[in-house]
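K.L.:
Mind looking over this structure? Questions follow.
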Amino acid sequence: MEDCLFCKIVAGDIPGEVVHTTERTVAFRDIDPKAPTHVLVVPRDHYANAAELAAADPQATAELVTTAAAVAAAEGYADYRIVFNTGAEAGQSVFHTHLHLLAGRPLTWPPG
Ligand code: AMP
């Protein structure tokens, strides 16, 4: 999709610190990390949010989660948090589905 930041990272048109790729996903480090490990896992195809992706492509949705687990394991973490911000009021600022993987520090609940 034109003018989508994460589509451009997936395509390699904008640099991203990619840590893992699969057939359907790309995982790269968040530019403004909120934990020692803060990785975004995105589908290669453009959908606005997690629910839209799940409705259209359940396999890719599952692959976001299995990719997050693989990245957490590779970085040495058994405990981690995964988050899908959905909608501006919930903190979503990039409208290409992305899973936040956060690990490496104690994570309190509830989040802000
Ligand atoms: P959200 O606010 O849930 O939509 O998450 C978007 C995330 O994208 C934020 O955590 C940003 O720090 C991150 N972000 C924005 N631009 C980039 C970029 N060029 N490379 C990596 N992460 C980015």
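K.L.:
Ignoring everything except DSSP H segments at least 4 long, calculate the 222 nm mean residue ellipticity for the chain; use -39,500 (n - 2.57) per segment, divide by total residues, nearest 500.
P.N.:
Values: 3 runs with 31 residues, N = 112.
After summing the helix terms and dividing by the residues of the chain, the value is -8000 deg cm²/dmol.
K.L.:
What part of the accessible area of the chain, given as a whole %, is carbon or sulfur when the probe is 1.4 angstrom? Show your work: numbers first, answer last.
P.N.:
Details: 3480 of 6340 Å².
Carbon with sulfur: 55 percent of the solvent-accessible area.
K.L.:
With an 8 Å Cα cut-off and a minimum separation of 6 or more residues, compute the relative contact order for the chain in percent. List each step's numbers first, then the result.
P.N.:
On the way: 173 pairs, mean separation 33.0, N = 112.
Once divided by the residue count of the chain, the mean separation gives 29 percent.
K.L.:
Taking 7 Å along the Cα-to-C-beta vector as the label spot, tell me the Thr108-Gln59 distance in nanometres, rounded to one decimal.
P.N.:
Taking the two extended label points, one gets 4.3 nm.
K.L.:
Please work out the average accessible area per residue across the chain, using the 1.4 Å probe convention, and give it in Å². The partial results should precede the final answer.
P.N.:
On the way: 6340 Å² over 112 residues.
Computed with neighbouring chains in place, this is 57 Å² per residue.
K.L.:
A follow-up question, please. Want the number for Arg44 to Ala73: 0.36 nm per residue separation, take away the alpha-carbon distance, what's left? List each step's numbers first, then the result.
P.N.:
Working: separation 29, 0.36 × 29 = 10.44 nm, distance 2.21 nm.
So the chain would gain 8.2 nm between Arg44 and Ala73.
K.L.:
Also, quick follow-up: Semi-axes, largest first, in whole Å: what does sqrt of 5 times each Cα gyration tensor eigenvalue give for the chain? Walk me through the numbers before you get to the answer.
P.N.:
Numbers: eigenvalues 83, 51, 40 Å².
Over the Cα atoms of the chain, the ellipsoid semi-axes are 20, 16, 14 Å.
K.L.:
Enumerate the calculated ³J(HN,Hα) couplings along region 55-64 in order (Karplus 6.51 cos²θ - 1.76 cosθ + 1.60, θ = phi - 60°), each rounded to whole Hz, writing x wherever the residue is Gly or Pro.
P.N.:
Using θ = phi - 60°, the values come out as 5, 8, 8, x, 5, 5, 5, 5, 5, 4 Hz.
K.L.:
Related question: Enumerate the residues in region 8-28 having an amide nitrogen under 16 Å from the point lying 7 Å beyond the Cα of Thr66 toward its Cβ.
P.N.:
Flagged as within label range: 20-27.
K.L.:
Considering the chain as a Gaussian network with a 10 Å cut-off on Cα pairs, which listed residue, Ala72, Ala88, Ala54, attains the greatest mean-square fluctuation?
P.N.:
Ala88
K.L.:
Apply 1/(1 + (r/R0)^6) to the Cβ-Cβ distance of Glu2 and Arg29, taking R0 = 30 Å, and write down the FRET efficiency to the nearest 0.05. Could the numbers behind the result be given before it?
P.N.:
Values: r = 24 Å, r/R0 = 0.81.
Efficiency, from the Cβ-Cβ distance: 0.75.
The values are calculated or read from the model by the stated rules, or taken from the named source; none is laboratory data. Only a predicted model underlies this, so the values are computations on that prediction, with no experimental measurement involved. Cβ: placed from backbone, ideal geometry, glycine included. Neighbour counts: every protein chain shown. Calculation scope for accessible area: heavy atoms of the full protein, side chains included, ligands and nucleic acids excluded. Shrake-Rupley method; radii C 1.70, N 1.55, O 1.52, S 1.80 Å.
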